[in-house]
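The values are calculated or read from the model by the stated rules, or taken from the named source; none is laboratory data. As the structure is a computational prediction, the values presented were derived from the model and not from experiment. When we count neighbours, we look across all protein chains shown, and the Cβ atoms used for this are built from the backbone with ideal geometry, even at glycine. Side chains are part of the model used for accessible areas, which takes the heavy atoms of the whole protein and leaves out ligands, DNA and RNA. Shrake-Rupley method; radii C 1.70, N 1.55, O 1.52, S 1.80 Å.
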Amino acid sequence: MALKAQVPAVQKTPKVTVECVVFSVRNDKLAVLLTKRAAPPFEGSWSLPTGVVSYNEALERAAVRVLEQQTGLSSVRFEQLGAVGTPGRDPRGHTISIVYYTFMWAERMRLVPGPEASEVKFQPVERTIAHEKNTGTAASKRTAIELAFDHKWLIDVAHERLASRLREPSGTTRFEFVPSQFTLSQLQRVHELIGGVPIQSRSFRAELLATGAIEPVAAGRGSRNRLYRWKQ
């Protein structure tokens, strides 16, 4: 009796990607770097820079590579936010994403969209909404920035983590919250934009100086525009 050839079952494994959440300040608003999708799924919607991890590639290296390929930004320092792999979050199949986030101070950045995007731009966080979200007024919907996949949720989680990092005043952070030399007004404004609430200037400055984390760039009594730097 002839034996039937045994055909191995098709092995289905999740795809592994990296998602990059890059915050900055633009026009006195907290902004996040997004790319406009040029192909399905979610064609025409905005999304975080994302890409597949290559074989034998370190995760953070993958995040740096993907960001440069899709936005033109290079030499970015990230921190890992976490991983998400809920089935159904990507209509193309089961995808596990390792999420990285950062904050960049640079006032001018040369952004270049990658081959899968029609545009790349910093967009105000306050205007981002989830895909097909129908809440809000007609005026707010016209100015809303619709995000693909679960990227609105990822931005919100990264924003919360970023706010918690501000409670650790230290020059050892990997994030560029301010230039290498900065005024206390600049630093206070970043705190206000990320935290979402106004801060009393006198108490903010007193508490910050009391930590000993910063020092004046030059000796002598300063003014409102006096420059400081993080202690090494």
Completion exercise
Which residues qualify? For I214, with a placed amide H closer than 5 Å and at least 5 residues away or on another chain, they are K231
Practice task
Go through Y228, Y101 and list them by solvent-accessible area, largest first, probe radius 1.4 Å.
Solution key: Y228, Y101
Handout entry: Taking N as its residue count, the alpha carbon Rg of the chain over 2.2 N^0.38 Å
Key = 1.23
Handout entry: the chain, relative contact order [Cα under 8 Å, separation at least 6], %
Key = 20 percent
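How much area per residue is accessible in the chain when the probe is 1.4 Å and only protein heavy atoms are counted (Å²)?
Spelled out: the 1.4 Å probe surface of the chain, per residue, equals 59 Å².
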Exercise for the section: Could you sort 191-199, 28-36 so that the peptide with the highest average Cβ count within 10 Å comes first and the rest follow in order? Expected result: 28-36, 191-199
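Over the chain, with every protein chain in place, what whole percent of the accessible area is carbon and sulfur at 1.4 Å, could you tell me?
51 percent
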Fill in the blank from the handout: Total charge of the residues flanking L184 in space, meaning their Cβ is under 13 Å from its Cβ, with Lys and Arg +1 and Asp and Glu -1, is +3
Practice task
For helix 151-165, report the angle its Cα long axis makes with the longest principal axis of the Cα atoms of the chain; keep it between 0 and 90° and round to the nearest 10°.
Solution key: 30 degrees
Fill in the blank from the handout: To the nearest 10 degrees, the tilt of helix 201-211 (Cα long axis) against the first principal axis of the alpha carbons of the chain is 80 degrees
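To one decimal place, what orientation-averaged projected area in nm² is obtained for the convex hull of the Cα set of the range 93-135?
Seen from a random direction, the Cα hull of the range 93-135 projects 5.5 nm² on average.
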